[in-house]
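**Q** Pasting a structure here, questions to come.
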Amino acid sequence: MVERLHRCAHCKAPYTWQASGEGCFEPLNDQKYCADCKKVVLEALMRVPKRFKPARLDQTEIALDQAEGHYQEQMRIRAEQNGGLVSRRVMATVFRKGEAKVFNIIEGFGPHKGKTLVYEYWPSERHEGTVQLFAQEDLITGKKTACEEFGGLNEAEKYMWSLPKNEHGA
Ligand SMILES: [Zn+2]
C-alpha cells in the first residue's frame with residue numbers, strides 16, 4: 001500500500017491519499033480533495049443526470065481471425081522491442097468447464113483506426129466469438145457510437161472495468 005500526504009485543493013487541509021493497495025478505489029480516496037470535500041463533490045454530482053454510459057458496439061468490418069492476428073503481431077513487435085520479454089497485461093479471466101475465455105483489447109485498425117476493439121471467445125466455441133468496438137450509449141437517444149478518446153490500451157482497460165459486469169464477461 002502506498003500512502004502520500006496531500007493538501008486538499010479546496011479546503012487546504014492536509015490529508016493522506018492512498019495511491020495503491022486495498023481501499024485505493026474507495027470513492028472518498030481522492031488525489032485532489034480530502035474526504036470531506038470529495039463527499040460534497042460526489043453529492044453534487046449525484047444531482048446531475050448522466051448522459052452517456054459505457055457500451056459495446058457490434059461491427060462487421062473486422063473478423064475474429066484478423067483481430068487475433070493483429071493482437072499477436074502487436075505482441076510479437078513488443079517482444080522484439082523488449083529483447084524477447086513480453087509484458088502481457090493481466091486480465092481477469094473467466095473460466096467454465098475447464099476452459100478459459102480468450103479476451104483481448106486491441107487498438108483499432110483498418111476502418112476502425114483510432115478506436116478500440118475488444119474480441120472474446122470460448123476456445124471450444126470460437127465460431128461464436130465476437131469483435132466489438134468500445135462505445136458510448138447516449139442515454140437520451142439510445143444511440144451507440146464508438147469511443148475515440150483513448151490514448152492507450154491502459155485507459156481502454158480502465159474503461160472496460162467501468163462496463164456493466166455482464167458486458168466484460170467477469
Ligand atoms: Zn478539503
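**Q** What is the local net charge at residue 107, summed over the other residues whose Cβ is closer than 10 Å to its Cβ (Lys, Arg +1; Asp, Glu -1)?
**A** +2
**Q** Now for a separate question. Give me the net charge for the shell around residue 123: Cβ to Cβ below 12 angstrom, other residues only, Lys and Arg +1, Asp and Glu -1.
**A** -1
**Q** How charged is the neighbourhood of residue 46? Take every other residue with its Cβ under 14 Å from the Cβ of residue 46, and add Lys/Arg as +1 and Asp/Glu as -1.
**A** Taking every other residue near residue 46 into account, the sum is +3.
**Q** If you don't mind, another one. Report the equivalent ellipsoid semi-axes for the chain in whole Å, largest first, defined as the square roots of five times the eigenvalues of the gyration tensor built from alpha carbon atoms.
**A** 34, 22, 16
**Q** On to the next question. Working out 0.36 nm times the residue gap between residue 51 and residue 1, then minus their Cα-Cα distance, what length gain in nm do you get to one decimal?
**A** 14.5 nm
**Q** Here is a further query. Considering the options 109, 153, 23, tell which one lies farthest towards the positive end of the dipole of the chain, charges being +1 on Lys and Arg and -1 on Asp and Glu at the Cβ, about the Cα centre.
**A** Checked the options; the winner is 23.
**Q** Moving to a separate point now. Quick check on packing: order 14-26, 59-71 by the mean number of other C-beta atoms within 10 Å, highest mean leading.
**A** Highest to lowest by the protection proxy: 59-71, 14-26.
Every number in this text was worked out from the coordinates using simple rules, so none of it is lab data. Keep in mind the model is a prediction, meaning the values are calculated, not measured. When we count neighbours, we look across all protein chains shown, and the Cβ atoms used for this are built from the backbone with ideal geometry, even at glycine.
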